[in-house]
Every structure is written in C-alpha cells, then in structure tokens.
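Chemist: Pasting in a structure now, in structure tokens, and then I'll have a few things to ask.
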Protein chains: 2
Amino acid sequence: MIPSKVKIVEVGPRDGLQNEKQFVPTETKIELVNRLASAGIVNVESTSFVSPKWVPQMSDAAAVMAGIQRRPGTIYSVLTPNMRGFEGALESKADEIVIFGAASEAFSQKNINCSIAESIARFEPVAKAAKDAGMRLRGSISCALGCPYQGEVSIESVVDVVERMKALGCDEIDIADTIGTGTPKRTREVMAAAQSVFPRERLSGHFHDTYGQAIGNIYAALLEGIEIYHASVAGLGGCPYAKGATGNVATEDVVYLMNGLGIETGVDLDQLVEIGDFISRAIDKPSSSRAGKAIFTKKRDGVAACA
Amino acid sequence: MIPSKVKIVEVGPRDGLQNEKQFVPTETKIELVNRLASAGIVNVESTSFVSPKWVPQMSDAAAVMAGIQRRPGTIYSVLTPNMRGFEGALESKADEIVIFGAASEAFSQKNINCSIAESIARFEPVAKAAKDAGMRLRGSISCALGCPYQGEVSIESVVDVVERMKALGCDEIDIADTIGTGTPKRTREVMAAAQSVFPRERLSGHFHDTYGQAIGNIYAALLEGIEIYHASVAGLGGCPYAKGATGNVATEDVVYLMNGLGIETGVDLDQLVEIGDFISRAIDKPSSSRAGKAIFTKKRDGVAACA
C-alpha cells in the first residue's frame with residue numbers, strides 16, 4: 001500500500017525564498033537550485049514570473065533561469081500567475097508551469113478578490129499555452145486542509161478544485177495545507193477524495209509544519225498511496241500567516257522519514273543537510289529543520305556526553 | 001483500531017527541567033506542576049529523587065512534592081534510581097515510582113557501567129518496596145528505537161526489557177525513543193512486539209522530536225492502539241546528545257494532533273499554550289512547540305495579512 005518510491009519536489013527557491021524580505025542575491029539562488037539538483041532532487045520549483053511590484057524577491061526570475069545549469073532529467077518549475085508570466089517562463093525554457101487556486105472561498109476573495117471558480121478560469125489561457133508549448137502543467141490547491149479566514153474547508157470544495165484543474169489539463173495536482181492546521185485523519189480523507197477524481201500517482205502533498213503536524217500528515221498521505229511530496233530545504237519560508245511560526249516542512253525531515261520507512265527518494269540526505277546550512281547562513285536565519293540541525297550538530301560535535 | 005481516548009503523561013517538570021543548567025526556582029517548578037494538573041493533565045512526572053550531586057536541578061524534590069497542590073485523581077510520578085530515592089518518594093507521598101533501563105547494551109554500559117540485565121535487577125528492591133507500599137510502578141525503557149552509541153537497537157532487546165520490567169511488577173511500561181531517531185514503520189513494529197508480551201493499554205510511547213519524527217511516530221503508535229503518550233510542555237529539555245537540537249515532543253503539538261483526530265485527552269489546549277509561554281519565559285528559552293508558537297502568535301497578532 002505504502003509506495004516504495006516517492007518524488008520530492010523542492011519548493012525552497014520559490015515558495016521558501018519568496019517570503020524573505022531581504023533580497024537574496026541571484027547568484028545565491030542559482031547556487032541553491034544547482035546544489036539541490038545535484039543532491040538528487042528531480043523537481044525544483046525554481047522561481048516565479050510574477051510582477052516585481054508584488055514580489056520583488058522574484059524580480060530576477062529570468063536571470064535565475066538563465067543561470068542555472070540544467071541537469072538532464074530534472075524538472076525546473078516556475079510559477080506563472082498570468083500570460084505575461086507565462087511568456088517569461090516560455091522564454092526561460094522552464095519545464096513546468098505552476099498555476100494555483102485556493103479551495104477556500106474566503107481565501108480566494110480576500111487574496112485575489114474573486115471566486116474560486118473565477119480564479120481557476122483565469123488560468124485557461126496559461127494552461128492552454130503551456131500545453132501547446134509541450135510544457136508540463138501543475139496545479140496547486142492552497143488551503144486544502146484549512147483556511148486562515150474561514151477555518152474549515154470542505155472536502156467537496158477541494159474535490160471541486162481538483163476537477164477544475166484536471167479540466168485545465170494539469171499533469172500534476174498539489175493538495176496544499178497552506179497554514180499547517182491539518183492532521184492525519186483529515187489528510188487521509190482529503191487524499192482519498194482527491195484520488196477518486198484524479199490519478200493517485202499524479203497527486204502531491206504539500207504540507208506546512210506550522211502546528212508540528214507535517215510529518216504525521218505525510219505518513220498519513222503515504223498510507224493513502226500518495227507518491228509526490230513538496231518540501232523546502234531548511235524549512236525556508238516561514239509562515240506568512242503567523243509571524244515567527246514554522247512554514248513549509250523541511251526537506252531534510254521528509255527525506256529522513258522516507259529513509260526510515262525504506263522508501264526511495266534518490267536524494268542524498270548528507271548533501272541536503274549541507275545545502276540547508278549553506279542557505280541558512282546565506283539568509284542569516286536559523287534552519288527550521290530538526291533532522292538537519294541534529295545531523296549537522298552530530299557531524300560537528302560527535303555524540304554529546306550522556307546527561 | 002485507533003483509540004478514542006488517550007492519556008497524556010506530562011514529563012516537562014522532570015525529564016524536561018532536568019536538562020536545564022540554570023537552577024529553576026522551586027516555586028516555579030511547583031507552579032508548573034499545579035498549572036499542568038489544572039489544565040487537565042492526569043499524570044505529571046513531577047521530580048526525581050536522585051543524588052543532588054548528579055542532578056542538582058532536582059535537589060529540591062522533597063520541597064516540590066510538599067509544595068504542590070494535589071488534585072484528586074491526578075497521578076504525581078517521581079523518578080527513583082535506588083532505595084534512597086524510594087524513601088524520599090515514599091515520604092513525599094508520590095503516587096507513582098518510575099524506574100528505568102535502556103534497551104541498548106552499549107548505552108547501559110556507557111551510562112551506568114553495567115549490563116541491561118544487571119541494571120534492571122538493581123531495581124528489584126525499589127520495585128518490591130513500591131508494590132508493598134501500594135504505589136504505582138512505571139518502567140521506562142530508553143533507547144528503544146535507537147542508541148547514540150550502538151545505533152540500531154533490536155526489537156528482541158526491547159521485548160526482553162519489557163519482560164524484565166513486567167516481572168518486576170510494572171503497572172505501566174514506556175517505550176522511549178530517547179534520541180528521536182525512530183520513524184513510523186519501526187515504531188509500529190516495536191509497539192506491536194511490545195504488546196505481544198505486555199497489555200497494550202498499559203504501554204506508553206515516549207517520543208523525542210530530534211529528527212522531526214515524533215508526531216509521525218505518535219500517529220504510527222496510535223495505529224497500533226497505544227493509548228498513553230509522554231510529552232513535555234514547550235518541548236522543555238532539549239536533547240542532551242546533540243547541543244541545540246530538539247528533545248521531547250511538545251505537549252501542545254501532541255494535544256493538537258489528538259484534537260484533530262477526535263481523540264479525547266481531557267487537556268485544555270489553550271491553557272497548555274499559556275503554560276508553555278509561562279515556563280519558556282521563566283527559563284528564558286524559546287518554546288520548541290510549533291503548535292504552541294502558532295496558537296500564541298495568532299492570539300496575540302490575529303491572522304497576519306496574506307503574503
């Protein structure tokens with residue numbers, strides 16, 4: 001039942017760094033993407049072609065995409081909110097386009113001032129253009145396990161968005177616990193419902209560790225057969241809805257879990273821990289990866305004396 | 001299969017504070033225990049009757065036990081390494097005596113300079129005295145999912161210690177992942193093996209979050225029917241084997257998990273979050289509870305604006 005192999009989608013360079021106020025030098029972003037691919041990550045969410053007015057951190061999207069060394073077989077994804085973003089993505093030779101929508105009506109209204117249905121419909125031209133260009137298309141569903149404004153989000157609502165994204169031609173669909181309020185039972189229910197309308201092997205789990213539940217939720221999703229997981233090295237990104245709280249689950253913790261379960265990821269955990277240290281120093285913030293900190297400390301200090 | 005109700009054993013005042021170098025005032029310890037019991041914790045590991053030379057932090061054990069307000073129905077446990085400690089526990093009217101041993105031969109040798117079998121046998125007089133005095137007896141098995149010295153610990157070794165502790169008359173036995181290296185598959189195997197020789201409803205899971213796996217392991221243990229879980233408010237204690245790494249899983253995160261799964265704990269999460277804030281301020285260290293930080297921040301700031 002539990003898969004023997006999973007794909008890890010690293011979202012640190014985009015979903016993670018996007019929340020950093022201080023501009024991260026383009027060279028650092030490029031090095032981050034390159035090192036992640038070298039460590040065995042086969043899908044790196046690399047940047048976002050958005051208005052630099054909205055997200056100044058991603059204003060160097062074209063330069064990042066031009067600077068990275070493409071590793072054969074690795075998928076470099078970019079977020080594109082509209083056709084203008086898509087043009088940038090196309091020029092940059094991105095492998096995968098990411099479109100997005102919330103499963104929460106309140107979130108959709110507050111965030112982009114339109115209904116869920118409208119928000120998905122707006123992506124039609126982008127989706128069509130991506131398919132025409134032979135690019136992969138991924139749809140990301142935020143607030144699938146809870147919303148900062150309305151609280152509970154119904155499973156029907158998640159399934160509805162999965163179906164809309166499927167109709168747009170999405171190759172892969174992310175079920176995202178954007179605020180980290182989900183717990184394993186609900187995770188299993190949502191994952192089971194989603195695979196009733198979309199192929200299980202192309203559904204992914206994107207969990208935030210804000211309430212410390214991400215690893216529990218990932219284990220729950222594994223029990224439902226989910227084979228793709230998002231994570232952010234060093235837990236890059238934090239939580240935009242609660243200052244100082246944890247955001248994306250750390251890739252190190254996820255790979256540690258998979259190793260312990262005997263599930264193949266193709267990712268070198270030791271290299272990943274080094275990358276977590278590199279980027280944490282570069283942005284001058286402590287890593288939020290527990291496995292990362294434990295492995296790094298043990299390597300440096302050896303086993304501390306018994307208490 | 002998953003239990004509908006679990007017991008939370010709060011270990012912060014003993015297992016947590018014991019690792020604090022700075023002496024925590026007796027009044028603070030007493031307030032901590034009292035507030036935890038008020039929040040609905042029915043078993044508080046309150047202190048340790050050990051040599052003050054070894055663990056100066058616990059040198060006020062008698063004063064702590066004398067100072068706390070006994071809540072009817074709440075079990076106040078104390079750790080006793082030997083008969084001298086037991087006498088202190090008896091005088092202090094502790095409800096439960098905790099004895100301990102490692103499932104790892106290397107740990108036992110390095111830590112207490114004797115074999116596992118000898119270490120358990122040494123507790124015979126304490127166990128007998130506790131039973132004669134009508135006190136509850138709990139046995140805690142450390143390194144059940146991994147050892148800082150020998151690495152892997154066999155399931156046979158854990159089962160052997162469970163049987164030895166059962167023979168001593170233990171009412172409850174803890175399976176402890178002392179260094180937090182365990183993952184859900186192994187957790188399930190160990191929990192399944194332990195209940196083949198000891199009643200499931202009197203086995204407990206004691207997980208450390210050093211590698212970020214504790215909540216995943218607790219969910220795994222729930223799937224094996226385990227009904228008792230240890231946790232430390234605010235994640236008090238840290239990890240004595242890796243400086244700066246996380247130790248005990250935070251009680252807030254565990255109660256959040258149980259609430260999400262619809263499992264009754266009897267614990268008030270809001271009060272628990274306040275207690276986590278209280279003790280973190282008192283010892284001047286940040287809480288390592290993710291749920292605690294998220295809930296506290298949300299209460300203080302409301303929902304932050306969308307990114």
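The values are calculated or read from the model by the stated rules, or taken from the named source; none is laboratory data. Nothing here was measured: the structure is a model prediction, and the numbers come from that model. So basically every Cβ, Gly included, is an ideal-geometry build from the backbone, and we count neighbours across all protein chains shown. What goes into the accessible areas is simple: the full protein's heavy atoms, side chains included, and nothing from ligands, DNA or RNA. Shrake-Rupley method; radii C 1.70, N 1.55, O 1.52, S 1.80 Å.
Chemist: Only residues that are exposed (fewer than 15 other Cβ atoms within 10 Å of the Cβ), at pLDDT 95 or above and of a type in the set (G, A, S): list them for the range A:264-307, please.
Modeler: A:G266
Chemist: Further, regarding this structure: Kindly indicate the residue of the range B:205-245 that is over 24 Å from B:G266 (Cβ atoms) and surrounded by fewer than 24 Cβ atoms within 10 Å (Cβ to Cβ) and also farthest from the other protein chains (Cβ to nearest Cβ) among those meeting that condition.
Modeler: B:G238
Chemist: Among the residues of the range B:270-303, write down those that are in a helix (DSSP H, G or I) and among the β-branched types (V, I, T).
Modeler: Within the range B:270-303, B:V273, B:I275, B:I279, B:I283, B:I295, B:T297 qualify.
Condition check ((1) in contact (Cβ under 8 Å) with a residue 60 or more places away in the chain; (2) more than 30 Å from A:G40 (Cβ to Cβ); (3) in contact with a helix residue (DSSP H, G or I) (Cβ under 6 Å, 6 or more places away or on another chain)) across all residues:
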{"site": "A:Q69", "(1), (2), (3)": "no, no, yes"}
{"site": "A:G73", "(1), (2), (3)": "no, no, no"}
{"site": "A:M83", "(1), (2), (3)": "no, yes, yes"}
{"site": "A:N113", "(1), (2), (3)": "no, yes, no"}
{"site": "A:E118", "(1), (2), (3)": "no, yes, no"}
{"site": "A:P125", "(1), (2), (3)": "no, yes, yes"}
{"site": "A:D132", "(1), (2), (3)": "no, yes, no"}
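Chemist: Right, here's the next one. Please specify each residue of the range A:182-199 satisfying the condition of being under 17 Å from the mean Cα position of the chain (by Cα) and either at the interface with another protein chain (Cβ under 7 Å from one of its Cβ atoms) or farther than 18 Å from A:M1 by Cβ (or both).
Modeler: Hit for the range A:182-199 is A:G182, nothing else.
Chemist: May I pose another question? Here is a list: B:I155, B:I179, B:I173. Which entry is within 15 Å of the chain's Cα centre (by Cα) and open to solvent by 10 Å² or more (accessible area, probe 1.4 Å)?
Modeler: Selected residue: B:I179, the only one of B:I155, B:I179, B:I173 that is within 15 Å of the chain's Cα centre (by Cα) and open to solvent by 10 Å² or more (accessible area, probe 1.4 Å).
Chemist: To continue, here is another question. With the structure loaded, tell me whether B:L257 is of a type outside the set (S, T, N, Q), open to solvent by less than 10 Å² (accessible area, probe 1.4 Å) and within 11 Å of chain A (Cβ to nearest Cβ) or whether it fails that test.
Modeler: Against the criterion (of a type outside the set (S, T, N, Q), open to solvent by less than 10 Å² (accessible area, probe 1.4 Å) and within 11 Å of chain A (Cβ to nearest Cβ)), B:L257 qualifies.
Chemist: Follow-up. Based on what the data block shows, is A:I112 out of contact with any Lys or Arg (no Cβ under 6 Å at 6 or more places or on another chain) and modelled with pLDDT under 95?
Modeler: yes
Chemist: Inspect all residues belonging to the range B:282-294 and state whether any of them is touching a His at 6+ places or on another chain (Cβ under 7 Å) and more than 9 Å from chain A (Cβ to nearest Cβ).
Modeler: No, every residue in the range B:282-294 fails to be touching a His at 6+ places or on another chain (Cβ under 7 Å) and more than 9 Å from chain A (Cβ to nearest Cβ).
Chemist: Could you tell me whether A:V158 is within 14 Å of chain B (Cβ to nearest Cβ) and β-branched (V, I, T)?
Modeler: no
Chemist: Checking A:R202 against (1) away from chain B (no Cβ under 14 Å); (2) closer than 21 Å to B:A250 by Cα, which test does it fail?
Modeler: (2)
Chemist: Something else now. Step by step: first the residues of the range A:139-152, then only those that are in contact (Cβ under 8 Å) with a residue 24 or more places away in the chain and within 14 Å of another protein chain (Cβ to nearest Cβ), then the one that is surrounded by the most Cβ atoms within 10 Å (Cβ to Cβ). Which residue is that?
Modeler: A:L145
Chemist: Evaluate the range A:261-273: report whether one residue or more is touching a residue at least 60 places away in the same chain (Cβ under 8 Å), over 18 Å from A:P3 (Cα atoms) and not aliphatic (A, V, I, L, M).
Modeler: Yes, some residue in the range A:261-273 is touching a residue at least 60 places away in the same chain (Cβ under 8 Å), over 18 Å from A:P3 (Cα atoms) and not aliphatic (A, V, I, L, M).
Chemist: Which condition number in (1) touching a Ser or Thr at 6+ places or on another chain (Cβ under 9 Å); (2) within 21 Å of A:T26 (Cα to Cα); (3) not aliphatic (A, V, I, L, M) is the one that A:E118 fails?
Modeler: (2) is the only condition that A:E118 fails.
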